Amino acid sequence: MLIIILLAIAAYLIGSFSSALWYGKWFYGIDIREHGSKNAGSTNVLRVLGWKCAIPVFITDVIKSFVPTMFFVMLLNKFASPEGSVYVAQGSEAYYLYQLLFGMMAIVGHIFPIFSGFKGGKGVASMLGLVLALDPLSAAIALGVFIIVVLITRIVSVSSMSAAVAFPIVVYVLGIFREAGHSITMTVFSILVAILLIVTHRKNIKRLLNHEEPKITIAKKE
């Protein structure tokens, strides 16, 4: 049990590295939370600092949830024997649950980072990292929805919420064609993801209703 707690804390601390905040401070000397939408995420970085900073921020946010989700259960099993109570068989529902635990702890760290006064991003890129580790095909389709919507609307918040809503639908449809059928864990998780991402975009929803949500404009700053 102790190793599970330690790994969960480690995942949270990894997620707490606010790449948008620290890249802005290290390379541009600014606090990204004081500019643009004041959000410590890759979209605001894109608007304020440009794509050369936004791309590494986005990739870092994906990786910091992908790693705990993909590898921490393997690490957990390193400390347990196959006969032990802590050992988790790969492919089991329990394995998925532990992956979700560690991945979600990283996302909680991203949204509420201990190193940055608990003021982080909205968790879209980090959620992509988690889903990419759990179900690459569903992640790719959801990302495709995001790209299509952002190309049409040029509004990232609409694209993020569209991908979030599409995710549980994709998980359900793919489950019909998979030999193993539907995973209860993945189905419930996908619904919770949609709810979480919509909740974290509540300010964007308000701006959308007031026709105040900005469209993508890439900063010229290099």
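Assorted remarks:
- The lone exception for SER92 - which of (1) out of contact with any helix residue (DSSP H, G or I) (no Cβ under 9 Å at 6 or more places or on another chain); (2) crowded, with 21+ Cβ neighbours inside 10 Å; (3) among the hydroxyl-bearing types (Ser, Thr, Tyr) it fails: (2)
- Only one of the numbered conditions (1) touching a helix residue (DSSP H, G or I) at 6+ places or on another chain (Cβ under 7 Å); (2) in contact (Cβ under 8 Å) with a residue 40 or more places away in the chain; (3) farther than 16 Å from ALA10 by Cα; (4) small (Gly, Ala, Ser) is violated by GLY50, and that is (1).
- Within the range 41-61, considering residues that are surrounded by 21 or more Cβ atoms within 10 Å (Cβ to Cβ) and touching a Leu at 6+ places or on another chain (Cβ under 9 Å), the one nearest to GLN99 (Cα to Cα): ASP61
- Flag if GLY121 is over 28 Å from TYR12 (Cα atoms) and either in a helix (DSSP H, G or I) or not hydrophobic (A, V, I, L, M, F, W, C) (or both): no
- Of the listed requirements (1) surrounded by fewer than 22 Cβ atoms within 10 Å (Cβ to Cβ); (2) on the phi > 0 side of the Ramachandran plot, LEU143 misses just one: (2).
- Selection of the range 135-171 for residues being among the hydroxyl-bearing types (Ser, Thr, Tyr) and either within 18 Å of the chain's Cα centre (by Cα) or farther than 21 Å from VAL199 by Cβ (or both) yields SER138, SER157, SER159, SER160, SER162.
- Failed criterion for LEU13 (all others in (1) part of a helix (DSSP H, G or I); (2) at pLDDT below 90 hold): (2)
- Selected residue (criterion: farthest from LEU130 (Cα to Cα)) from residues of the range 67-82 that are among the aromatic types (Phe, Trp, Tyr) and either buried (at least 22 other Cβ atoms within 10 Å of the Cβ) or modelled with pLDDT under 90 (or both): PHE79
- One residue stands out in the range 16-40 among those that are modelled with pLDDT under 90 and buried (at least 16 other Cβ atoms within 10 Å of the Cβ): the one that is farthest from the chain's Cα centre (by Cα), namely GLY36.
- Selection from the range 133-152 of residues that are in contact (Cβ under 8 Å) with a residue 40 or more places away in the chain and more than 18 Å from SER42 (Cα to Cα): ALA133, LEU134, ASP135, SER138
- The range 41-53, subset within 20 Å of LEU197 (Cα to Cα) and in a helix (DSSP H, G or I), residue modelled with the highest pLDDT: VAL45
The values are calculated or read from the model by the stated rules, or taken from the named source; none is laboratory data. On a predicted model such as this, the values are computed, not experimentally measured, just so you know. Cβ coordinates were reconstructed from backbone atoms using ideal geometry, including for glycine residues, and neighbour counts include every protein chain displayed.
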